[in-house]
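Participant: I'd like to ask you about the structure that follows.
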Amino acid sequence: MEFSVELMRQRLGKYKFRDLTIEELKDVHRAFPNFLYSMDTYTFKDGSQKDLLNLSGTIPMKFQGTSYNIPVCLWLLDSHPFAPPLCFLKPTQNMGIRVGKHIDSHGRIYLPYLQDWSHPKSTILGLIKEMAATFEGELPLYSLSAAEAARQKELLSLISRVTDGVSCVDVSAKSHSKVTVIGGGDLALACLLSISAKRAADKLVLLDISDGGSKGGGATDLELFSIPNVEVSKDLSSIAGSKVVIITVNAWSSAKSYLEVLQSNVDLLRGFIPVVSYHCADSVLVIASQPVEIMTYVAWKLSGLPYRQVIGIGCNLDSARFQHVVQTLTNSSEEPQSGWVIGEQGADKVAAWSDPNSANHKSSAKLYPKLFQEQLTNRALEVMKGKGQRSWSIGLSVADLTDTIVQNKRKIHSVSSLAQGFFNIQKEVFLSVPCVLGDSGVLGNPQLLQDEEHVSDALHKSAASIYNLQQQLSL
């Protein structure tokens, strides 16, 4: 098919860098002359629409000695080539999508090449070649039987509407208290059962994305002993409309270095977090994957959601334990929400107290004298030592957070939130700080803490360590 430069100029009339884009398309046409070009309407996840150039065709490749032609569709943003294309598989009715770390259930393609997109190094032709190389290692499609093809027809209709920009796809919630837990192990089951027991949701979905070998087998057991209003699913679209989505998954890796284990977790989250944010653009993501500070940062970056909608479980459990011990030691009938455990979950966490002179200090609890605070802190941390965070205790903590969010209680919790700006922290890192939580996530941070040098030093040390690790990860 002939490539018309003049026609392409007309089509790309609103593109900011039309000439650069046309030069790239010439290269694509020479290498793949059968690709088709059209201007179509694309609908983004926030409902906004744009007329974008659509490239569709097949990519030839070989898998285990057999030749395949993989059908794909690329959408070029109007800021191309300075922004990466949106890429999708376009399976026929007799093709099934093989979901993996580079492909989601709707055929959206995620590659490091797209994540690292940078003009002029990155090009459409280079992207297509990278796709072919990736598909040769991970065949993205498989043949369906006649019966499977019939069941596939409805799914393909949805995929077509999503990738062709039809705005009538309805993924809004039918219930404002639907909650999804993602994971198939003991922690996922503990979270789900705790939320169910607390009656914090009208409907619960357990999304099991494991391959069946997940430690604990919680999803399988739950299917054997069903619970009312609980659905077990492996379909990512089942999460649509969730008010809260809880991420409990961790990659089981034989990697030797800590950084390799972290990267395995990043790769695991990359496989489904973008789909979660598509189906649940208004949801609050609660991250229980470890290490929670880094995984919350990763989930925030991969989701594209506002930081207030992505929180980690952080030191919520530690703070609840700390406040309970203080209450017991002082024999007080009041809730001692003057003391908090903040910072980095684990050995580097630190206890802090509310500032009695703060205009935002609203706690009704008695604020103890300085010397007594230090004694209480030391004693409370000593009592807490060795308790650990088992699945059931984390599940109860997650249920506590979920209840606050779903019911819009505007209650204060110490959770992993973007700490940039707190204690003069300049980097994009997540640390536990007291946050007011509600139905849209973090509503504010009114709990001003005492300016303690040892607290500030501990937070800065954690922030530097976390940021250094984040810089070494490939997102």
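Participant: Return the FRET efficiency for the residue pair Ser238, His460: r is the Cβ-Cβ distance, R0 is 41 Å, and the value is rounded to the nearest 0.05. Working shown, then result.
Facilitator: Details: r = 42 Å, r/R0 = 1.03.
After rounding to 0.05, the efficiency reads 0.45.
Participant: For a Förster distance of 45 Å, can you work out the FRET efficiency between the beta-carbons of Ser393 and Glu6, rounded to the nearest 0.05?
Facilitator: Numbers: r = 67 Å, r/R0 = 1.50.
Calculated transfer efficiency: 0.10.
Participant: Quick one: pull the percent of accessible area on region 77-145 belonging to carbon and sulfur, 1.4 Å probe, ligands and nucleic acids left out.
Facilitator: Solvent-exposed carbon and sulfur of region 77-145 make up 52 percent of the total.
Participant: Under a 1.4 Å probe, what is the accessible area of region 1-135 per residue, stated in Å²? Show your work: numbers first, answer last.
Facilitator: Numbers: 6600 Å² over 135 residues.
For region 1-135, the solvent-accessible area averages 49 Å² per residue.
Participant: By how many nm would the segment from Asp78 to Ala251 lengthen if fully extended, with 0.36 nm per residue of separation less the alpha-carbon distance?
Facilitator: Numbers: separation 173, 0.36 × 173 = 62.28 nm, distance 3.68 nm.
My answer for the length gained is 58.6 nm.
Participant: Spelling out what I want: for every residue of region 182-187, take phi, set θ = phi - 60°, compute 6.51 cos²θ - 1.76 cosθ + 1.60 (Karplus), and round to whole Hz; glycine and proline get x.
Facilitator: Values, residue by residue: 9, x, x, x, 4, 5 Hz.
Participant: Report the gain in length on full extension from Lys26 to Lys50: 0.36 nm times residue separation, minus Cα-Cα distance, nm rounded to one decimal. Mind dumping the intermediate values first?
Facilitator: Details: separation 24, 0.36 × 24 = 8.64 nm, distance 2.34 nm.
Extending this stretch completely gives an extra 6.3 nm.
Participant: Right, here's the next one. Return the distance in nm (one decimal) between the two label points of a simple spin-label model at Asn424 and Gln93, each offset 7 Å from Cα along Cα→Cβ.
Facilitator: Roughly 6.8 nm, to one decimal.
The values are calculated or read from the model by the stated rules, or taken from the named source; none is laboratory data. All of these numbers come straight from a predicted model, not from anything done at the bench. All Cβ positions, even for glycine, are placed from backbone atoms using ideal geometry, and neighbour counts span all protein chains on display. Each accessible area value is taken on the protein alone, full model and side chains, heavy atoms only, with ligands, DNA and RNA left out. Shrake-Rupley method; radii C 1.70, N 1.55, O 1.52, S 1.80 Å.
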